[in-house]
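Shown next, in structure tokens, is the structure this report addresses.
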Amino acid sequence: MLALVRGGRVRPLMALTIGTRDRVHADPAAVFRIALSCGAESVVLAHNHVDDVGPSAADLAVTRRLVAAGAVIGVPLLSHVVVTPSGWYDCVVSGEVPLGAWSG
């Protein structure tokens, strides 16, 4: 997680969780507890896929939950990037999960 504070400054990169080969659990409460504890005004999340696969249905679902949770507490999720061996995909910037997405 990158926590962005006043003026767009970035707090040090933080690892929130370590997943298994095919799954990672991103609990919105834990994500935003850490974000708030370091004074974040917004957050950027990223995780990797070991294969050249775009975001999974689970990735998109958790991104929607995180966008909604961030909107409620006033710390928006600006970006959720999936990094693969050949590139990356941003679930939010792509429009796949629009900012303000409240459906889960």
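Results, tabulated for the structure shown:
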| item | result |
| --- | --- |
| Of all residues making up segment 46-60, the number that are closer than 17 Å to Leu2 by Cα and in a helix (DSSP H, G or I) | 0 |
| Candidate set: segment 34-45, residues that are in a strand (DSSP E or B) and among the hydrophobic types (A, V, I, L, M, F, W, C); chosen: the one surrounded by the fewest Cβ atoms within 10 Å (Cβ to Cβ) | Val44 |
| Residue list for segment 61-88, restricted to those being in a loop (DSSP other than H, G, I, E, B) and surrounded by fewer than 18 Cβ atoms within 10 Å (Cβ to Cβ) | Gly74, Pro85, Ser86 |
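Read-outs throughout are calculated quantities, based only on the coordinates presented, and are distinct from any laboratory measurement. Keep in mind it's a predicted model, so treat the numbers as computed, not measured. As a convention, Cβ positions derive from the backbone with ideal geometry for all residues, glycine included, and neighbour counts pool all protein chains shown.
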